[in-house]
Amino acid sequence: MKNSIRFLKIMLAAVLVLIVLTMQSKAQTTLWTESFENGGSIPAGWATDVVTAGNSITYVTTTSWPAGFTAYNGTYLVMFNSFSASGGVMRLRKTAPVSTVGYTNATVDFAWLESSGYAGVLDRVDVQYSTNGTTWTTAGTFNRYNAVQGWKIKTQVLPAGAQGQATLYIAFLFTSAYGNDCYLDLAHLTATSSSTTVTVGTGTVSCNYPYTTYWMGGRTQLLYTAAQLTAAGALPGTISSIAFNVISNSTQTMQNFNINMMNTTQTTIASWVTGMTNAYSGTYAVGGTGWQTITLQTPFNWNGQNLLLEICFGSNGSYTSYSYVNGTTAPAGQIMPYWMDNTVGCTYTGAPYTGYTALPNLQFVEQPIIPGTLSGTVTNSVTSAAIAGATVTVTGTTPVTTNAAGAYSITGITPATVNVTCTATGYVPYAGTAVITSGTTTTLNIAMLPNPKLGGTVTDASTGAPIIGASVKVAGVIQAWTVTGGVYLTSPLPVAGLQPVVISKTGYDDFTTNVTLVGGQT
């Protein structure tokens, strides 16, 4: 029995360790935190906007309505005066944006004082976000009233429109309903990093390149194939740093040090490749042994093709020794090095050294591009009826056709603002855009305008008598003939907008004009 209990204890401990490790691997990264500690003044990096006048935001040490509460964290807290003001709306906003690119699950949390006075009176705060600092979207609303008073931690996961944004602002919008005051403290914006570390190559072959500091300058181009990268677990995405596994390091600082990168279909390097994208420029000295990471000044977007990497420097004016790195044997043509004294390596265009078959092991951090999905329904804008058989296309993807309910779904779309088109027989073609977010589904419902029609009456300009049998040509094509009373009406036209119209009848001059055709209208 004792052994069984002991075994269960060990198993329980192992499970707890596993849970802790799992929690750590999914831990949120804090993008900013604010405790509003600025001696009673608004902290730096924040501003207030009066949306509707009537009250104020101040920073206090104790509460008044309800009384007796102190800050949740530190000394000061935010007070929105909704007790003595019968109305008013104010926004407390972060003036400095953050980027959520490379992150998922961006979340705002904050301490919120709930109070039991004035039941049913909806003094409240909205968590808002903006991608430009001026247009705000509400992500969630939190009321002040609660029968059980006290500080509560509130959490709001931001919607898809706030995820993966290069510029994101956060704000708290307070609204007074003339109840107790609203109090807020200790706010955070957190997100889960979607970055991964990829290691290409496990060999232990010693390479004296790309850090050829036994000489004053050097230029090395290395080709990593898509097969090598994907086998290591890489996905198309943004590379933010690279590293080589250093066996022994030199302390020599490399002048005019550059890292250049390129997506390519080349399978070998036959001559120096130009036109690459610069990811780092400055100076660099290898800091030690093991994986030595260089954070790129300009992250590089790898598209899944072969990756060409160039390391170059010089002319140093002095030299010390090589920094040797571990490499893996690779097919000929993936390594092109050169080194020499008094050489500005990055502009060297002469003959390279040949015969090298050790490709330096490469480690890099990337934010993989997780595709998104676009879905929705296509309907008639006049009748709201579903349109089956409509063709929906996103640039760069295979077109899809709507089902009997007018529904469509396109998967595997690279996150970005994409162009969307939709065509259907009898309808004006649709063209628009959609914002695709990593790993989520964007909804785009399309209401299509039926093709326009053109109708009217044709008469003799002299007598006013109706003319029968006149042809009505729209955009160069006969679309109708006049009948009894000189009346005509086209079928739905395949064109819209400003179009030329010519009406003809033997014995009469042609009547020519331009008509603006509007979808869904005659």
Condition first: surrounded by fewer than 17 Cβ atoms within 10 Å (Cβ to Cβ) and closer than 30 Å to Gly439 by Cβ. Can you find one or more residues in segment 110-121 that meet it? no
Looking at segment 343-366, is at least one residue surrounded by fewer than 18 Cβ atoms within 10 Å (Cβ to Cβ), assigned to a strand (DSSP E or B) and not β-branched (Val, Ile, Thr)? no
State whether one or more residues within segment 61-70 are open to solvent by 30 Å² or more (accessible area, probe 1.4 Å), over 18 Å from Gly150 (Cβ atoms) and touching a residue at least 40 places away in the same chain (Cβ under 8 Å). no
Taking interchain pairs and intrachain pairs at least six residues apart, which have beta carbon atoms under 9 angstrom, with the first residue in segment 225-252 and closer than 24 Å to Gly333 by Cα and the second part of a helix (DSSP H, G or I) and open to solvent by 30 Å² or more (accessible area, probe 1.4 Å)? Ala234/Gln228
Taking only segment 234-256 into account, find how many residues are under 15 Å from Asn361 (Cβ atoms) and out of contact with any Ser or Thr (no Cβ under 7 Å at 6 or more places or on another chain). 4
First in segment 79-96 and over 12 Å from Phe174 (Cβ atoms) and open to solvent by 10 Å² or more (accessible area, probe 1.4 Å), second anywhere and among the acidic types (Asp, Glu) and assigned to a loop (DSSP other than H, G, I, E, B), Cβ under 7 Å, 6 or more apart: Phe83/Asp181
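Can you pull out the residues in segment 467-522 that are at positive phi and in contact with a Lys or Arg (Cβ under 9 Å, 6 or more places away or on another chain)? Give the steps one after another, and end with the answer.
Residues of segment 467-522 that are at positive phi, as a first pass: 469, 475-476, 485-486, 497, 507, 520.
Listed by number, the list holds a single entry, Gly469.
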Just to confirm my filter: which strands (runs of 3 or more DSSP E) fall fully inside segment 453-522 and include at least 2 residues that are closer than 24 Å to Pro429 by Cα? 471-474, 477-481, 497-504, 511-517
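Working only within segment 264-314, note down all residues that are among the small types (Gly, Ala, Ser) and surrounded by fewer than 18 Cβ atoms within 10 Å (Cβ to Cβ). Outline the logic, then answer.
Within segment 264-314, the first condition is being among the small types (Gly, Ala, Ser), and the residues that meet it are 270-271, 275, 279, 281-282, 285, 287-288, 290, 304, 314.
Residues satisfying the conditions are Ala270, Ser271, Gly275, Ser281, Gly282, Ala285, Gly287, Gly288, Gly290, Gly304.
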Taking segment 237-263 and keeping residues open to solvent by 40 Å² or more (accessible area, probe 1.4 Å) and not polar (S, T, N, Q) leaves Ile247
May I ask you to list the residues in segment 39-54 that are under 19 Å from Trp112 (Cα atoms) and surrounded by 13 or more Cβ atoms within 10 Å (Cβ to Cβ)? Ile42, Pro43, Trp46, Thr48
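One line per residue, one yes/no per condition, for (1) closer than 30 Å to Thr377 by Cβ; (2) open to solvent by 40 Å² or more (accessible area, probe 1.4 Å):
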| residue | (1), (2) |
| --- | --- |
| Lys453 | yes, yes |
| Pro466 | no, yes |
| Ala470 | no, no |
| Thr482 | no, no |
| Pro500 | no, yes |
Cβ pairs under 7 Å, 6+ apart, first in segment 314-326 and of a type in the set (Ser, Thr, Tyr), second crowded, with 24+ Cβ neighbours inside 10 Å and not in a strand (DSSP E or B): Tyr319/Thr213; Thr320/Thr213; Ser321/Thr213; Tyr322/Tyr211; Tyr322/Thr212; Tyr322/Thr213; Ser323/Tyr211; Ser323/Thr213
Segment 122-147, residues that are under 14 Å from Phe174 (Cβ atoms), in a loop (DSSP other than H, G, I, E, B) and open to solvent by 10 Å² or more (accessible area, probe 1.4 Å): Leu122, Trp136
Tell me the residue from Ala461, Ala470, Ala424 that is modelled with pLDDT of 90 or more and under 19 Å from Pro399 (Cβ atoms), please. Ala424
Within segment 148-168, count every residue that is open to solvent by less than 40 Å² (accessible area, probe 1.4 Å) and either more than 27 Å from the chain's Cα centre (by Cα) or hydroxyl-bearing (Ser, Thr, Tyr) (or both). 1
I'd like the residue in segment 299-315 that is at pLDDT 95 or above and more than 21 Å from Thr267 (Cβ to Cβ) and, out of all such residues, is farthest from the chain's Cα centre (by Cα). Phe313
Mind telling me which of the residues Thr513, Thr506, Thr490 ends up being open to solvent by less than 30 Å² (accessible area, probe 1.4 Å) and either over 30 Å from Ala162 (Cβ atoms) or at pLDDT below 90 (or both)? Thr490
Would you mind finding the one in Ile335, Ile370 that is closer than 23 Å to Ala234 by Cβ, modelled with pLDDT of 95 or more and open to solvent by 10 Å² or more (accessible area, probe 1.4 Å)? Ile335
Among the residues listed as Ala447, Ala475, Ala461, the single one being without any contact (Cβ under 8 Å) to a residue 12 or more places away in the chain and among the small types (Gly, Ala, Ser): Ala461
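Considering Thr391, Thr397, which residue is modelled with pLDDT of 95 or more, among the polar types (S, T, N, Q), surrounded by 13 or more Cβ atoms within 10 Å (Cβ to Cβ) and more than 18 Å from the chain's Cα centre (by Cα)? Outline the logic, then answer.
Numbers: Thr397 fails: modelled with pLDDT of 95 or more.
Of Thr391, Thr397, the one residue that is modelled with pLDDT of 95 or more, among the polar types (S, T, N, Q), surrounded by 13 or more Cβ atoms within 10 Å (Cβ to Cβ) and more than 18 Å from the chain's Cα centre (by Cα) is Thr391.
So, in segment 148-169, exactly how many residues are aliphatic (A, V, I, L, M) and assigned to a strand (DSSP E or B)? Write out each step before concluding.
Let us first name the residues in segment 148-169 that are aliphatic (A, V, I, L, M), namely 148, 153, 157-158, 160, 162, 166, 168.
Then drop every residue that is not assigned to a strand (DSSP E or B), which leaves 153, 157, 168.
Number satisfying all stated conditions: 3.
The values are calculated or read from the model by the stated rules, or taken from the named source; none is laboratory data. Bear in mind that the values here come from a model prediction, so they are computed numbers and not experimental data. Neighbour counts run over all protein chains shown; Cβ positions are idealised from the backbone, glycine included. We work out accessible area using only protein heavy atoms, side chains counted, and drop any ligands, DNA or RNA first. Shrake-Rupley method; radii C 1.70, N 1.55, O 1.52, S 1.80 Å.
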